[in-house]
Amino acid sequence: MIFNTGAALLDAIVLAIVSREPEGTYGYRITQEMRSVLGVSESTLYPVLRRLQKDGCLTVYDQEYGGRNRRYYKVTEQGASRLNLYRAEWQDYSDRISAIFRGGSGL
């Protein structure tokens with residue numbers, strides 16, 4: 001993708017992916033979904049997950065799967081609020097950019 005993906009957009013996408021599963025989801029699955037959209041690597045994703053956890057947007061728990069522990073991420077109430085803000089901001093932003101691309105004004 002030729003457009004730069006900033007930290008806020010990465011945060012928003014991760015929160016959206018994780019929020020789809022009420023009990024949370026694990027890192028590898030998040031990585032696979034992110035790759036299908038943006039082509040990001042695990043080395044890009046895991047700092048985002050740690051930052052969202054540090055900011056109180058995600059909780060983390062381990063669960064045994066196939067004889068190994070799998071780390072799951074779940075959106076907190078604070079994370080859900082931030083995701084709602086990101087969704088509203090994205091809608092406004094994308095509407096303005098789309099208007100410009102269609103030949104109109106972004107105002």
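The values are calculated or read from the model by the stated rules, or taken from the named source; none is laboratory data. All figures in this text were calculated on a predicted structure; none of them were measured in a lab. Cβ: placed from backbone, ideal geometry, glycine included. Neighbour counts: every protein chain shown.
State yes or no: is Arg68 under 20 Å from Thr25 (Cα atoms), without any contact (Cβ under 8 Å) to a residue 40 or more places away in the chain and of a type in the set (D, E, K, R)? For Arg68, the condition - under 20 Å from Thr25 (Cα atoms), without any contact (Cβ under 8 Å) to a residue 40 or more places away in the chain and of a type in the set (D, E, K, R) - is met. Within the range 1-42, the residues that satisfy the criterion of being more than 11 Å from the chain's Cα centre (by Cα), within 20 Å of Tyr61 (Cα to Cα) and not basic (Lys, Arg) are Glu21, Pro22, Glu23, Gly24, Thr25, Tyr26, Gly27, Tyr28, Gln32, Glu42. When the range 74-90 is filtered for residues that are of a type in the set (A, V, I, L, M) and either touching a Lys or Arg at 6+ places or on another chain (Cβ under 6 Å) or under 21 Å from Thr31 (Cβ atoms) (or both), the ones remaining, listed by number, are Val75, Leu83. Return yes or no: is Glu77 modelled with pLDDT under 95 and either crowded, with 16+ Cβ neighbours inside 10 Å or of a type in the set (Asp, Glu) (or both)? No, not satisfied.
Rundown of residues vs (1) under 18 Å from Ile30 (Cα atoms); (2) surrounded by 11 or more Cβ atoms within 10 Å (Cβ to Cβ); (3) of a type in the set (Ser, Thr, Tyr); (4) touching a helix residue (DSSP H, G or I) at 6+ places or on another chain (Cβ under 8 Å), yes/no style:
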{"site": "Tyr46", "(1), (2), (3), (4)": "yes, yes, yes, yes"}
{"site": "Arg50", "(1), (2), (3), (4)": "yes, yes, no, no"}
{"site": "Gln53", "(1), (2), (3), (4)": "yes, yes, no, no"}
{"site": "Tyr72", "(1), (2), (3), (4)": "yes, yes, yes, no"}
{"site": "Asp92", "(1), (2), (3), (4)": "no, no, no, no"}
{"site": "Ala99", "(1), (2), (3), (4)": "no, yes, no, no"}
{"site": "Arg102", "(1), (2), (3), (4)": "no, no, no, no"}
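Scanning the range 3-39 for residues that are outside any helix (DSSP H, G or I) and aromatic (Phe, Trp, Tyr) yields a total of 2. Scanning the range 43-68 for residues that are farther than 23 Å from Ala80 by Cα and part of a helix (DSSP H, G or I) yields a single hit, Ser43.
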